[in-house]
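The values are calculated or read from the model by the stated rules, or taken from the named source; none is laboratory data. No experiment lies behind these values; they were computed from the predicted model shown. We place every Cβ from the backbone using ideal geometry, glycine too, and count neighbours over all the protein chains shown.
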Amino acid sequence: MFAISSVSSRRFWPVPLLVLAIFLLQLQPAAAQVRVNDPLDEAELLEDRLRAPYYAFADGGPTRAQRPLVKRIPMHGVMDRGGSYLVDVIHTRRTGQILTDMEGHALYATEKDREYGKSSLSGEALNNWRPLTVSKDLRTYGLWGKAWNEALQVWILTMADKPLYTYVGDTEAGVANGVGNGWYTMEVIS
């Protein structure tokens, strides 16, 4: 009977692993390989940052929180609607390429919304700002989500953790009269 000593087997076992590693690297597509001098795609970097959960520190320690300010979103996230056509994108000279409702009215977010999964608007603010309401059963994924508004007892569609609203002063499509005082539109970058 032929037996391989443990000393000789230890000497040769890295060779098959090295061959296997080289083989697997050859199978990897060129697009997936990292190259040091490749230009960075701004939209891809932004999307990666937006998809990662955002945490803040509260009394009980780290907790999920809304992003401090998100004014730009990647086109890929906008197209990822899950089949429910609740939003659109329009381009005008004045506003650029922005997120709108299906009637073409600009959608806004506010710096006042600071808590994850909640809309802070109540009272007088709701006279000028109308949330883009959705069903509690709406399934969202990607950059889309939902936030609860206690004053209206409704769910509001969110993009990158920001609840979305329309402004009553926007009487026609393609205008954004509500920008300012902590309110901003979502610019869509391609």
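Could you tell me whether region 90-99 includes any residue that is under 16 Å from the mean Cα position of the chain (by Cα), surrounded by 15 or more Cβ atoms within 10 Å (Cβ to Cβ) and not polar (S, T, N, Q)? Give the steps one after another, and end with the answer.
Narrowing region 90-99 to residues under 16 Å from the mean Cα position of the chain (by Cα): 98-99.
Pick out the ones that are also surrounded by 15 or more Cβ atoms within 10 Å (Cβ to Cβ) and you get 98-99.
From what is left, the residues that are not polar (S, T, N, Q) are 98-99.
Yes.
Hey, can you tell me all the residues within region 137-159 that are at pLDDT below 90 and either among the aliphatic types (A, V, I, L, M) or closer than 19 Å to ASP113 by Cβ (or both)?
The initial filter retains those residues of region 137-159 that are at pLDDT below 90, namely 137-145.
Once the filter is applied, which keeps residues that are at pLDDT below 90 and either among the aliphatic types (A, V, I, L, M) or closer than 19 Å to ASP113 by Cβ (or both), region 137-159 yields LEU138, THR140, LEU143, TRP144, GLY145.
Scan region 167-178 and give yes if some residue there is surrounded by 15 or more Cβ atoms within 10 Å (Cβ to Cβ) and assigned to a strand (DSSP E or B), otherwise no. Lay out the reasoning, then the answer.
First, pick out the residues of region 167-178 that are surrounded by 15 or more Cβ atoms within 10 Å (Cβ to Cβ): 167, 170, 174-176, 178.
So of that shortlist, the ones also assigned to a strand (DSSP E or B) come out as 167.
Yes, the conditions are met somewhere in region 167-178.
Right, LEU24: closer than 30 Å to TRP144 by Cβ, of a type in the set (A, V, I, L, M, F, W, C), assigned to a helix (DSSP H, G or I) and modelled with pLDDT of 70 or more or not? Please lay out each step first, then the result.
On the way: closer than 30 Å to TRP144 by Cβ: no; of a type in the set (A, V, I, L, M, F, W, C): yes; assigned to a helix (DSSP H, G or I): yes; modelled with pLDDT of 70 or more: yes.
Here the answer is no, as LEU24 does not meet what is asked.
Name the residues in region 118-129 that are part of a strand (DSSP E or B) and surrounded by fewer than 17 Cβ atoms within 10 Å (Cβ to Cβ), would you? Write out each step before concluding.
If we filter region 118-129 for residues that are part of a strand (DSSP E or B), which is where we start, we get 118-119, 129.
Listed by number, the list holds a single entry, LYS118.
Hey, can you tell me all the residues within region 179-190 that are in a loop (DSSP other than H, G, I, E, B) and surrounded by fewer than 19 Cβ atoms within 10 Å (Cβ to Cβ)? Please lay out each step first, then the result.
The initial filter retains those residues of region 179-190 that are in a loop (DSSP other than H, G, I, E, B), namely 179, 181-182, 186, 190.
Hits for region 179-190 are VAL179, ASN181, GLY182, SER190.
Could you give every pair whose Cβ atoms fall below 8 Å, whose first residue belongs to region 172-190 and is without any contact (Cβ under 8 Å) to a residue 40 or more places away in the chain, and whose second residue is of a type outside the set (A, V, I, L, M) and loosely packed, with under 15 Cβ neighbours inside 10 Å, counting only separations of at least 6 or pairs across chains?
Qualifying pairs under 8 Å: ASN177/GLY169.
Out of the residues in region 141-157 that are out of contact with any Ser or Thr (no Cβ under 8 Å at 6 or more places or on another chain) and in contact (Cβ under 8 Å) with a residue 40 or more places away in the chain, state the one that is surrounded by the most Cβ atoms within 10 Å (Cβ to Cβ).
This residue is LEU143.
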